[in-house]
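I have placed the structure first, in the form of structure tokens, so that the comments after it can refer back to it.
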Amino acid sequence: MDPVIEVNHLTKRYGATTAVDELTFTVQPGCVTGFLGPNGAGKSTTLRMIIGLNQPTSGSVAVEGRPFRQRPRGLRQVGALLDAGDVHGGRSAAAHLGVLARTNALPLRRVDEVLAEVGLADAARRRIGGFSLGMKQRLGIAAALLGDPPVLLFDEPLNGLDPEGVRWVRDLFRRLAAEGRTVFVSSHLMSEMEHTADRLVVIGRGRLIADEPLAAFAARSNGVSVRVRTPDAAALAESVRAAGATVTRDGADVLLVTGLDSDRIGDLAFERRLRLHELAATTASLERAFMELTAESVEYATAEAGDAR
């Protein structure tokens, strides 16, 4: 199957800062492709270049063989949610979508159809300024679906959604892919990508780390590790490192430990009277592989996270 999105040696510089660096990858139709990377990796900049909002410093990107800017009725070809908050708060949801429909020569009946699809039919006449973040995310998804496009881009679409909303978005993406559409989703939620994505494009510091099926990427992990959740993470990390383990920090109170089994980690914690809230062995996972392979690409790591690496 021919790729729908083709990114070739894409580079974007802002003065002395290189946000995207010689990036090359493709996105295929008929599957959900996750777009992963640490904060500051260049994901949002790349998505903006795909739809022509940012001009590349060098390189090129094409959607179905040509730059997106060459398409006068863009929403019929590509639907995108890049920033749920980038809307006029004084307009109603229906008015916001109505403007998009008219400027893209779309029938106005689509406004009611997509509002119903995303669960906002009852809020159609309400001002967007009073919406919660989750409602704004749903409105952004409605805007992406408005032109019934074959290509869909989403940047962190799960932010602000409750568990029901997250499940709904997951099912929506799977359905859209099953219809043969191209679905490209940027997210920092590894657990959701593990349940949703078929393929992954992973970048760090603007450079490509992986472009492959999700299972192949997850299998890159060093194997069995132990997940430890503790309010004494810094002290425990020091102890297990001293015992020869490799430690990766995953948030404020979670350690991923390789090289010691859970019994030995528990003993070390007991010896130092450190509290444990979770101690569980895990096999190769997307989260573990992501933490390992992007460890050197984290732009803003805490001192403890840096020590753990």
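Every number here is computed from the coordinates shown, using simple stated rules; none is lab data. Since this is a predicted model, take the numbers as computed values, not measurements. Quick reminder, even Gly has a Cβ in these numbers, built from the backbone with ideal geometry, and neighbours come from all protein chains shown.
The table that follows gives values for the structure above.
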quantity	calculated
Helix-derived mean residue ellipticity, 222 nm - over the chain, DSSP H n ≥ 4, -39500 (n - 2.57), to 500	-9500 deg cm²/dmol
If the convex hull is drawn through the Cα atoms of the stretch 142-247, its volume per residue in Å³	159
Relative contact order (%) - criterion: Cα under 8 Å, at least six apart; region: the stretch 11-138	19
Packing-based order for 67-80, 146-159, using average beta carbon neighbours within 10 Å, highest first	146-159, 67-80
Tilt relative to the chain, helix 262-271 - C-alpha long axis, 0 to 90 degrees, to 10	60
Signed unit charges on C-beta, dipole axis of the stretch 5-213, positive-most listed residue Gly34, Asn54, Thr11	Asn54
Mean Cα-pair separation over length for the chain, i.e. relative contact order, pairs under 8 Å, 6 or more apart, %	20
Using alpha carbons only: equivalent-ellipsoid semi-axes of the stretch 180-237, gyration tensor based, whole Å	28, 14, 13
Charge dipole magnitude, Cβ of K and R +1, D and E -1 - the chain, Cα centre, debye nearest 20	1240
Stokes-Einstein D in µm²/s, Kirkwood radius over Cα pairs - the chain at 20 °C with 1.002 mPa s viscosity	102
Environment charge of Leu36, counting only residues whose C-beta is closer than 14 Å and scoring Lys/Arg +1, Asp/Glu -1	-3
Euclidean distance between Cα centres, the stretch 257-290 to the stretch 149-219, Å	28
